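Below is one structure; the comments refer to it alone.
Where a number appears in this text, it was derived from the coordinates with a stated rule and is not lab data. These numbers were taken from a predicted model, which means no experiment stands behind them. When we count neighbours, we look across all protein chains shown, and the Cβ atoms used for this are built from the backbone with ideal geometry, even at glycine.
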Amino acid sequence: MDVTFQTVMSQLMLGLNNGAFYAVLSLGLAVIFGLLNIINFAHGALYMLGAFVALLGYTELGPLLGMPEFHLNYWAALIVAPLVVGGIGIILERTMLRRLYRVDHLYGLLLTFGVALIFQGIFTNYFNVSGTPYDGKPELLNGVVNLGFMMFPTYRLWSIVVSLTICFGTWFMIERTRLGSYLRAGTENPHLVQAFGINVPLMVTLTYGYGVGLAAFAGVVAAPIYSVSPVMGAEMIITVFAVVVIGGMGSIMGAIVTGLALGMVEGLTKVIYPPASSTVIFFMMVLVLLVKPAGLFGKEQ
Amino acid sequence: MHDTGANVLLSLSGVNSFYGESHILHDINLSVREGELVTLLGRNGAGKTTILKSIMGLVGRRSGSITVAGRETCHLPTHRIARLGIGYCPEERGIFSSLNVEENLLLPPMVKDGGMTLAEIYDMFPNLLERRNSVGTRLSGGEQQMLAMARILRTGARLLLLDEITEGLAPVIVQALGRLTGQLKEKGFTIILVEQNFRFAAEVADRHYIIENGRVVEMIDRKDVETSAAVFNRHLGV
């Protein structure tokens with residue numbers, strides 16, 4: 001087997017890139033699970049929706065408005081898609097999820113799984129399952145950068161940087177700010193936080209909106225790399241759930257670090273033993289659960 | 001009667017509360033005037049804590065009328081009730097383990113003007129200043145109780161609901177809490193104190209309500225405490 005420094009590094013960087021997506025997605029899941037106690041199976045579908053907002057905004061929105069020359073550009077999509085999908089999330093929470101907080105986790109999981117299937121079904125009806133390329137990648141992010149040890153596509157480097165910024169920004173907001181202390185306290189004892197005069201139901205709604213907005217953001221960032229497909233979320237979500245389980249349910253830092261690390265483990269496996277690269281995360285999950293059932297960063301309850 | 005007069009701050013009339021199918025409180029009538037310190041006494045499970053939770057809207061379902069400063073609150077969500085100027089110190093203290101001492105202290109938002117400043121609070125509770133960067137739940141039981149009380153003094157709430165603040169604490173801490181409660185009353189706070197420790201309650205309170213099986217069975221004024229030993233014994237003795 002010919003393992004050179006070059007191949008290892010390039011797989012590590014590509015792994016870090018995938019890991020950055022895992023991190024943003026599992027971070028959203030962790031935030032939602034912490035405060036809402038909902039295992040949000042719709043997360044993958046909302047990630048897919050985010051990518052479609054970017055795609056359709058670029059190709060269809062102009063003609064629809066009677067301005068064929070108009071394209072919703074990439075930078076605008078980075079803001080619009082999270083807002084649109086966050087809004088959908090808020091409607092979901094207000095009309096459906098809200099009724100499930102008092103009952104077992106399983107109901108939330110089933111509901112969100114059903115919602116995911118509906119979104120996925122609708123899009124499968126109208127769009128190519130094998131993917132539609134997104135052409136809105138900005139000129140600025142074309143080309144490659146010389147990292148010293150390898151040439152790396154600029155866009156992929158950008159996607160790593162922007163994902164990490166979002167992750168650590170979110171971590172900072174939750175762990176170091178006043179708003180974050182409401183969230184942390186609300187995760188522990190929502191009734192008492194509400195008895196202090198904080199509108200906890202509103203906070204829960206906005207948190208869900210933020211969590212799924214993160215998924216949509218990841219969808220937009222992913223659109224130029226992977227082609228936009230109705231099943232892109234379904235493929236991603238299984239791995240992301242493994243990441244969340246390994247990191248520990250509800251742990252913010254756990255989600256980020258585990259996401260990045262497992263992306264790189266996956267990349268390394270592609271060099272060492274390629275056939276295992278799609279299953280290595282699940283082997284890791286089994287191992288971690290045997291040794292630490294609450295996950296690497298989770299607290300035993 | 002105590003439920004008339006302009007300076008009634010809190011009044012419950014005909015309040016019934018339920019957890020699921022169980023009917024916990026039956027037709028509760030009580031009222032507290034501004035600046036008064038009133039206790040709710042009674043055995044375990046009598047419904048004292050549920051009365052406080054009903055005031056805060058933390059029970060499953062309630063009916064009747066609960067007014068705060070003349071405002072009907074029975075239909076309001078919990079956070080709106082708190083904003084009328086109520087500070088709630090729960091029985092289990094409710095110190096957050098994911099927050100340090102200072103974050104715990106700063107958590108409750110201001111509900112009214114005129115709350116104590118952080119400096120005044122640290123002045124009153126020097127232990128908390130010393131340990132302000134520790135995790136909230138690493139404090140001793142007494143310190144956690146101080147923290148649970150201190151954090152509602154910052155918010156400007158004028159009506160304090162204190163649930164079993166002396167429970168499980170050493171006598172010296174109980175004495176300190178007694179002095180603190182006295183100070184708060186002098187500062188003009190209106191206080192409802194749920195207590196098992198009758199001696200503690202008798203020292204500080206203006207009036208006592210005795211609760212039994214989810215009902216108010218007696219109301220005893222401070223001046224009648226001496227002569228009511230038989231009543232207290234009947235309802236509170238073991």
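Remarks
- Projecting the Cα atoms of B:L159, B:G42, B:M110 onto the charge dipole of chain B, computed from C-beta unit charges around the Cα centre, puts B:M110 farthest toward the positive end.
- With R₀ fixed at 25 Å, the C-beta to C-beta distance from B:R179 to B:H235 puts the FRET efficiency at about 0.35.
- Alpha-carbon centroids, the stretch A:65-126 and the stretch B:164-221: separation in whole Å: 52
- B:E195, B:E218, A:E235, A:E139 arranged by Cβ crowding within 10 Å, fewest neighbours leading: A:E139, A:E235, B:E218, B:E195
- Applying 0.36 nm per residue to the separation of B:H26 and B:K187 and subtracting their alpha-carbon distance, the gain on full extension is 54.6 nm.
- Per-residue ellipticity at 222 nm, computed for chain B from helices alone with -39500 (n - 2.57) per DSSP H run of at least four residues, works out to -9000 deg cm²/dmol.
- The mean of 1/r over all distinct Cα pairs in the stretch A:19-108, once inverted, gives the Kirkwood hydrodynamic radius of 14.7 Å.
- Normalised alpha carbon radius of gyration of the stretch B:125-202 [divisor 2.2 N^0.38 Å]: 1.08
- Counting only other chain Cβ atoms within 10 Å of each residue's Cβ, the peptide B:54-63 averages 1.
- Over every Cα atom in the stretch A:207-301, the radius of gyration and the widest Cα-Cα span, Dmax, amount to 14.3, 41 Å.
- When each of A:R178, A:R156 is scored by the number of other beta-carbon atoms lying within 10 Å, the sequence from fewest to most is A:R178, A:R156.
- D (Stokes-Einstein, µm²/s), Kirkwood Cα radius, the protein assembly as shown, 1.002 mPa s at 20 °C: 81
- Burial ordering of A:Y182, B:Y88, fewest other beta-carbon atoms within 10 Å first: A:Y182, B:Y88
- Neighbouring partner chain Cβ atoms per residue of B:93-101, average, 10 Å criterion: 5
- The stretch A:5-291 - convex hull of alpha carbons, volume per residue in Å³: 146
- Here B:N44 and B:F198 are evaluated by their C-beta separation; at R0 = 22 Å the FRET efficiency comes out at 0.95.
- Taking 26 Å as the limit for the C-alpha separation, the pairs B:K53/B:K223; B:K112/B:K223; B:K187/B:K223; B:K185/B:K223; B:K112/B:K185 exceed it in the case of B:K53/B:K223; B:K112/B:K223.
- Calculated [θ] (222 nm, deg cm²/dmol) that DSSP helices of n ≥ 4 give over chain A, each run adding -39,500 (n - 2.57): -23500 deg cm²/dmol
- Its alpha carbons considered, the stretch A:116-193 gives a radius of gyration followed by a Dmax of 20.3, 54 Å.
- Looking at the protein assembly as shown, the DSSP beta bridges with both ends there are about 60 percent antiparallel.
- Each label was represented as a point 7 Å from its Cα along the Cα-to-Cβ direction; for A:N73 and A:F172 these points are 2.6 nm apart.
- Estimated D of the stretch B:93-156 in µm² per second, where Rh is the Kirkwood radius over Cα pairs and Stokes-Einstein applies at 4 °C, 1.567 mPa s: 114
- Relative to the Cα centre, the charge distribution of chain B, modelled as +1 at Lys and Arg Cβ and -1 at Asp and Glu Cβ, gives a dipole magnitude of about 340 debye.
- Full extension of the chain between A:F113 and A:L65 yields a length gain of 13.9 nm, computed as 0.36 nm times the residue separation minus the alpha carbon distance.
- Here is the P(r) of the stretch B:90-228: all C-alpha pair distances, binned every 10 Å from 0, give 11, 40, 34, 13, 3 in whole percents.
- Range of Cα positions in the stretch B:162-226 per principal axis (Å), largest first: 31, 27, 22
- B:E167 paired with A:F5, simple spin-label distance in nm, labels 7 Å along Cα-to-beta-carbon: 6.5
- For chain B: rounded, prolate or oblate by the Cα gyration tensor [a/c cutoff 1.5]: prolate
- Mean Cα-pair separation over length for chain A, i.e. relative contact order, pairs under 8 Å, 6 or more apart, %: 38
- Estimated inter-spin distance, A:L141 and B:L129, nm [label 7 Å along Cα→Cβ]: 5.2
- For the protein assembly as shown, with +1 on Lys and Arg beta carbons and -1 on Asp and Glu, the positive-most of A:A116, A:Y101, A:S10 along the dipole: A:Y101
- Rel. contact order, % - alpha carbon contacts under 8 angstrom, at least six apart, the stretch B:1-116: 24
- As an equivalent ellipsoid, the stretch B:38-100 spans semi-axes of 21, 18, 11 angstrom, where each value is the square root of five times an eigenvalue of the C-alpha gyration tensor, largest first.
- Legend: mean number of C-beta atoms from other chains within 10 angstrom of residue C-beta atoms, peptide A:179-189, equals 4.
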